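The values are calculated or read from the model by the stated rules, or taken from the named source; none is laboratory data. Remember, predicted model here, so these are calculated numbers, not experimental data. Every residue, glycine as well, gets a Cβ built from its backbone with ideal geometry; the counts of neighbours run over all protein chains shown. For accessibility, only protein heavy atoms count, side chains too; no ligands or nucleic acids. Shrake-Rupley method; radii C 1.70, N 1.55, O 1.52, S 1.80 Å.
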Amino acid sequence: MLKRQLSRLQTYLGGIKYMTRLPDIIIIVDQQEEYTALRECITLGIPTICLIYTNSDLDLADISIPANDDA
């Protein structure tokens, strides 16, 4: 069970281990689903591009692109 959990964590978070600096920009596909990541980017001062529904908050992201993110 622990090997399965470790494998899953390495799949999703393994690239973070080799990052030497913060990314230049973050692209977020669903603002409502990834709200925590968006707030962390705002706190760290990382510019964000968000594909969002038209009923979401357009002011949170630096560049907001209204789109249907289900398609």
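Details
- Only protein atoms count toward the accessible area here, which uses a 1.4 Å probe; on the chain, the carbon and sulfur part of that area reaches 57 percent.
- The GluC sites (Glu not before Pro) of the chain that DSSP puts in a loop, and whose beta carbon has at most 13 other beta carbons within 10 Å, are GLU33.
- Solvent-accessible surface of the chain, taken per residue with a 1.4 Å probe and all protein chains present: 83 Å².
- Rolling a 1.4 Å probe over the protein chains gives TYR35 an accessible area of about 110 Å².
- Shape box of the chain [Cα atoms, principal axes, largest first, Å]: 41, 29, 17
- Helix-only [θ]222 nm of the chain, DSSP H runs n ≥ 4, -39500 (n - 2.57) each, per residue, nearest 500: -9500 deg cm²/dmol
- Annotation for region 44-64 versus region 1-32: alpha-carbon center distance of 20 Å.
- Estimated dipole of the chain in Debye, rounded to 20 [Cβ of Lys and Arg +1, of Asp and Glu -1, Cα centre]: 700 debye
- Under the criterion of Cα pairs below 8 Å and six or more residues apart, the relative contact order for the chain equals 25 percent.
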